[in-house]
Every structure is written in structure tokens, then in C-alpha cells.
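Only the coordinates and a few stated rules stand behind these numbers; no lab work does. These numbers come from a predicted model, not from an experiment. Note that we place each Cβ from the backbone using ideal geometry, even for glycine, and neighbour counts take in every protein chain shown.
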Amino acid sequence: MQVEGRPAEGDIFLLANHVSWIDILALGGATGAAFVSQDGVARWPVIGWLAAQNNTLFVSRERRGGLSRQIDALRAAMLGHQPVALFPEGTTSDGTDLLPFKPTLLAVLLPPPRPVRIQPIHIDYGPAAPDIAWVGEEPALHNVMRILGRKGALPVTIRFLAPFDPADCADRKAIAALARNRIANSIAAHQRSSAPPLPPV
């Protein structure tokens, strides 16, 4: 695993793109962060156990009236000094682009329970992204076995992008838009840099 940039000083709230369950291992190893994930992940073989090792906060998407409880639980998690990481796409993508960011849980940042800076994270698997991405209806265990059976090294780069203060944003949608823009720019820049050269004309 490679790391580019570094975590911001002080308490940080991480917003990252989401490609695979491996993201939890890679980002957790680089930051020691606690994660926010849908509660269904807790029941997945292997992946649920791995997620729990990082103090994952499991939240329900289906329970009516549960949003305030989710935000309260997230606020309580932020009272510690452990970084907290959220995948605001809400699901995984193929690693080549970003899905829209869901700003709902970002309400916890206006204002945060303690001073915190938001740091966007670009998780980059390079050319291997399409091979390991967990998209569509692929069962969790099938994806795990497929990745474990993959030959060759799995390159992953964690890029710490420029942090910002949530107080500088008008609302949670502005927070989501700013973080998404920084991650999207990083994805585009590194796709260009890794593209094969054009043939001579």
C-alpha cells in the first residue's frame, strides 16, 4: 500500500470514495479510523467481522425515524479522538468515477461535537480497480473469494487530499459537493497520468 499526502493535524473526519470492502482495511490501516457503514454489512461473512475490528458504526437505512438516532450515534463516536471515516456514495462504484454523495449524515458536522477538519480521501487501485470493484448484485462471499483468488499484487494508494473546515460551508450539501469535487479531480488527474501514450501520428 502506498500513501500520498498525510492526515490533517488535529481531529479529522474522512470522506472517501468506495470501491471494495478492501477500502476498510486499507484506510483503517493508514488512519486507524472508525467507519460508518450500513447495518447489513455486520451480517456479511468475513467482511462484517473485519469491519467490526475498526469500531465500525453500523447504521440502518431502512428504520423509519432512525436518522436522528444515527446522527446521535455518529456524534457520540466523534467525541473521541479516533478519526471517523464515511463513504458518502452510500455504495461501491467501479473505481473510475464517483457516484453522487449522499449528504444526510453530514448534518453531524454542522456544527461538529468538537473542532474537526474534513479531509477528502482518494482510494486508488489503479488499473486493477475494475477487477476488484464490488458492484451490481455480486454476493459478498463471491466477491471475497474472487479477490482472494486473484493472481498478482494488488496496488492500492491512499491519497490524503486538501482538508477543509466544515464551518466554511453553508450546509451539508456544500460539504458533500466540496469533498466530492476534490476526490473527482484526483481521480481524473491520476487516470490521465496512468493512460498509455498516444501513438505517433
The range 94-118 scanned against label point 7 Å out from Arg75 along Cα→C-beta; backbone N under 20 Å for 103-118
Which cross-chain or sequence-distant (5 or more) residues have an amide H under 5 Å from the amide H of Val156, H modelled 1.01 Å from N in plane?
Gln2
In order over the range 136-141: 3J(HN,Hα) from phi, Karplus 6.51/-1.76/1.60, θ = phi - 60°, whole Hz, x for each Gly or Pro, gives x, 9, 4, x, 4, 5
Extent along principal axes [Cα atoms of the range 2-194; Å; largest to smallest]
46, 38, 26
Can you sort Leu161, Leu15 so the residue with the fewest Cβ neighbours within 10 Å comes first?
Leu161, Leu15
Using R₀ = 22 Å, calculate the FRET efficiency as 1/(1 + (r/R₀)^6) where r is the Cβ-Cβ separation of Leu67 and Asp171; round to 0.05.
0.90
Considering amide H positions built from the backbone, and no H for Pro or chain starts, which residues 5 or more places from Ala85, or on another chain, come under 5 Å of its amide H?
Leu14, Ala34, Phe35, Val36
Whole-Hz Karplus couplings 3J(HN,Hα) for the range 27-32, θ = phi - 60° and coefficients 6.51, -1.76, 1.60, Gly and Pro as x, run 6, x, x, 7, 10, x
Gain in length, Gln2 to Asp131, computed as 0.36 nm per residue apart minus the alpha-carbon separation, to one decimal in nm?
44.5 nm
At a 10 Å Cβ-Cβ cut-off, how would you order His190, His122, fewest neighbours first?
His190, His122
Quick check: Cα centre of the range 1-19 to Cα centre of the range 87-161, how many Å?
12 Å
Residue (of Ile12, Leu98, Ala133) at the positive-pole extreme of the range 2-194, dipole from beta-carbon charges
Ile12
With θ set to phi - 60°, apply the Karplus curve 6.51 cos²θ - 1.76 cosθ + 1.60 along the range 115-121 and write out the HN-Hα couplings as whole Hz, x wherever there is a Gly or Pro.
x, 8, 10, 8, 10, x, 10
